[in-house]
Amino acid sequence: MVDLHKGFEGFEKLVPEKGKTPDEPMALSREGEERPTLHPGGMATSEEFYNTALAAVKDIFDKVRAGLEKDIDPRAFLKVASDMVEKMSGGMERDDLVKLVFSNDDFAENYLYTHSVNVCLICARIGLEMNYSRDLMKDLVAASLLHDVGMMKVSLGVWNKGGRLSEKEYGEVKKHSLYGEEITRALSGVGDITPVIVGQHQERCDGSGYPKGLTKDDIHYLARLVSLADSYEALTHTRKWRARYQPDKSIQKMLDEESSGYDPHFLKAILRHISIFPVGSWVKISTGDVGEVIKTNKDTPMRPVIRVTYDRNQKRLPGPRLIDLSKQLLIHVEKCVETSEPSAGGMTMGLPYADNGAGGNI
């Protein structure tokens, strides 16, 4: 078992030797094709960016739920997907994508809307780091936004149940991948890759997934990425039937329980580029102080840059101070924490996270 809190080095055993290429090409672009490059200064439009994606997902999901697939406008959806890629290429910081994910935690009956957008942003963050072409990014964005559209063919009372699913109910949920593949395949203009990814996003590399029990070599590599992002987002966000897991515990849980089910290349990418302590998360460090992660260090993911705001007594400091743990080797992160700020200016600190595998669905 790999214990991430004992250091990043233990994770190396799960990935190929350095210098070895993955078993699948990680950027299937035409020679000379321009790839997205992100630029700073995008957070001013982040809410609009997120809400546009959310509206596109809601429009399609609601029409499928109502049995109105014929009324879906694929061109409008594909334009949103294309615009998202261009926006990420020209006006957003990569860490801003991660911050948006952890700023949106909706556990109401429509949680699949935000879940779908969050999974998309996680995939996009990784795809950009993998240097995917614009065309490939558009396929990835479209497929990850629609990966759970088949859930709209499953009873709301099943997939949003406040407790463990029965065997029969779980059997219904397992059909959503095939429903989703059928729905996306019928959308004109959607690339051939999209329905494949949607249909395979619940498959696992060790053959333990569904609907077909495929193993790694038979699963499209972008479906492996969506699979990982899907699980990671679900663990780190609240559901009706359970509290969320801490980001570091989510990764640890995936490694402990299902590491053979996920592509190690993408596990490594999540760890390196989103980090165990993602941007926007609050952490307690070994000095007892508490602060917000504002930047990750991809080569030392256990050692982010933190804006320390509260002292060990949970009192607000006169002014925040920055600590780059990659340069302060005697200090380390102890754990992720949840914070809230009362009007008195102090801080209450709690952990409304699931510490155990509390009963639930996804």
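Only one residue in L329, L228 is at pLDDT 90 or above and closer than 19 Å to I126 by Cβ. Which one?
L228
For a quick check of your reading: which helices (runs of 4 or more DSSP H) sit entirely within segment 148-214 and have at least 3 residues that are assigned by TED's automatic domain parsing to the domain that holds H115 and out of contact with any helix residue (DSSP H, G or I) (no Cβ under 6 Å at 6 or more places or on another chain)? Give the steps one after another, and end with the answer.
On the way: elements: 156-159, 167-173, 176-185, 193-200.
Those helices (runs of 4 or more DSSP H) span 167-173.
Please specify each residue of segment 58-72 satisfying the condition of being assigned to a loop (DSSP other than H, G, I, E, B) and surrounded by 14 or more Cβ atoms within 10 Å (Cβ to Cβ). Quick ask: steps written out before the conclusion?
Step one: list which residues in segment 58-72 are assigned to a loop (DSSP other than H, G, I, E, B), which gives 66-68, 72.
Matches in segment 58-72: I72 only.
Residue by residue through segment 101-129, note down the ones that are farther than 15 Å from A234 by Cα and buried (at least 19 other Cβ atoms within 10 Å of the Cβ).
First, pick out the residues of segment 101-129 that are farther than 15 Å from A234 by Cα: 124-129.
Within segment 101-129, A124, R125, I126, G127, L128 meet the criteria.
(1) modelled with pLDDT of 90 or more; (2) surrounded by 23 or more Cβ atoms within 10 Å (Cβ to Cβ): which one isn't true of K212, the others all being true?
The one condition K212 does not meet is (2).
Do you know which residues across segment 111-147 are in contact with a Lys or Arg (Cβ under 8 Å, 6 or more places away or on another chain), over 15 Å from M84 (Cα atoms), in a helix (DSSP H, G or I) and touching a residue at least 60 places away in the same chain (Cβ under 8 Å)?
Y111, E129
Hey, does segment 144-159 have a residue that's among the acidic types (D, E), modelled with pLDDT of 95 or more and either in contact with a Cys (Cβ under 6 Å, 6 or more places away or on another chain) or over 30 Å from T296 (Cβ atoms) (or both)?
Scanning segment 144-159 turns up no residue that is among the acidic types (D, E), modelled with pLDDT of 95 or more and either in contact with a Cys (Cβ under 6 Å, 6 or more places away or on another chain) or over 30 Å from T296 (Cβ atoms) (or both).
Can you tell me which residue is nearest to the chain's Cα centre (by Cα) among those in segment 278-317 that are closer than 23 Å to N104 by Cβ and polar (S, T, N, Q)?
S281
Examine segment 173-187 for a residue that is among the charged types (D, E, K, R) and buried (at least 21 other Cβ atoms within 10 Å of the Cβ), and state whether such a residue exists.
Scanning segment 173-187 turns up at least one residue that is among the charged types (D, E, K, R) and buried (at least 21 other Cβ atoms within 10 Å of the Cβ).
One line per residue, one yes/no per condition, for (1) within 21 Å of R244 (Cα to Cα); (2) of a type outside the set (S, T, N, Q); (3) over 17 Å from the mean Cα position of the chain (by Cα):
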| site | (1), (2), (3) |
| --- | --- |
| L121 | yes, yes, no |
| I126 | no, yes, no |
| L136 | no, yes, yes |
| L146 | no, yes, no |
| L156 | yes, yes, yes |
| W159 | yes, yes, yes |
| G191 | no, yes, yes |
| I197 | no, yes, no |
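Results for (1) in contact with a Lys or Arg (Cβ under 7 Å, 6 or more places away or on another chain); (2) β-branched (V, I, T); (3) more than 22 Å from M302 (Cα to Cα), shown as yes or no for each residue.
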{"residue": "I197", "(1), (2), (3)": "no, yes, yes"}
{"residue": "H201", "(1), (2), (3)": "no, no, yes"}
{"residue": "G209", "(1), (2), (3)": "no, no, yes"}
{"residue": "K216", "(1), (2), (3)": "no, no, yes"}
{"residue": "L255", "(1), (2), (3)": "no, no, no"}
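Find the residue count for segment 80-96, including only residues that are in a helix (DSSP H, G or I), at pLDDT below 85, touching a helix residue (DSSP H, G or I) at 6+ places or on another chain (Cβ under 8 Å) and not charged (D, E, K, R).
Number satisfying all stated conditions: 1.
If a residue counts only when it is among the charged types (D, E, K, R) and more than 30 Å from R164 (Cα to Cα), which strands (runs of 3 or more DSSP E) contained entirely in segment 219-320 have at least 2 such residues?
Here the list reads 290-295.
Does K63 satisfy being closer than 29 Å to R242 by Cα and not hydrophobic (A, V, I, L, M, F, W, C)?
So K63 fits the description; yes.
The values are calculated or read from the model by the stated rules, or taken from the named source; none is laboratory data. Since the structure is predicted, the reported quantities are computational estimates derived from the model, not experimental observations. A quick note on method: Cβ atoms are made from the backbone with ideal geometry, for glycine too, and the neighbour counts reach across all protein chains shown.
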